[in-house]
1. For segment 61-93, which positions are of a type in the set (G, A, S) and within 25 Å of S37 (Cα to Cα)?
2. Out of all the residues in segment 17-71, which are surrounded by fewer than 18 Cβ atoms within 10 Å (Cβ to Cβ), more than 12 Å from the chain's Cα centre (by Cα) and closer than 19 Å to S99 by Cβ?
3. Within segment 94-120, how many residues turn out to be closer than 19 Å to T36 by Cβ and either aliphatic (A, V, I, L, M) or at pLDDT below 95 (or both)?
4. Being hydrophobic (A, V, I, L, M, F, W, C) and free of Cβ contacts under 8 Å to residues at least 24 places away in the same chain is the filter here, so list the residues in segment 1-51 that pass it.
Amino acid sequence: MKNFRELKVWHKSHQLTLNIYQVTARFPQQELYGLTSQIRRASASIPANIAEGCGRGSDADLARFLQIAMGSASELEYHLLLACDLNFIESSHYQQLNSDVTEIKRMLASFIQKLKSSKS
């Protein structure tokens, strides 16, 4: 069992989620149960799955939850693009958030690879 709070990827994804909540607070009210909710859930799913994987008993379980976090990051990537195209997010905010998601995906991929190679 690993302590998720010690993982840099968890810290980055948690900070991203906090930033997402701030940005989506300015979305149109009619999107509260639509795109706002989708973006927030996808974002929060990343650190939540990292934490859940760390609470499991094996590296294989952790890798599986990191893969789920990766899927949530990809979903978030699309939702942010959609929000930008709908002019809900300023271009500068979109660029920063998208860059953060890309970095988190890179970190997750590296972590997954490390777990898989230590298994062999």
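The values are calculated or read from the model by the stated rules, or taken from the named source; none is laboratory data. What you are looking at is a predicted structure, and each value in this text was computed from that prediction instead of being measured. Using ideal geometry, Cβ is built from the backbone for each residue, glycine included, and neighbour counts are taken over all protein chains shown.
1. Result: A69, G71, S72, A73, S74, A83, S91, S92.
2. Scanning segment 17-71 gives Y21, Q22.
3. As a first pass, look at segment 94-120 and keep what is closer than 19 Å to T36 by Cβ: 94, 96-98, 100-101.
Next, only the ones that are either aliphatic (A, V, I, L, M) or at pLDDT below 95 (or both) stay: 97, 101.
Qualifying residue count for the region: 2.
4. Matches in segment 1-51: L18, A25, L32, A48.
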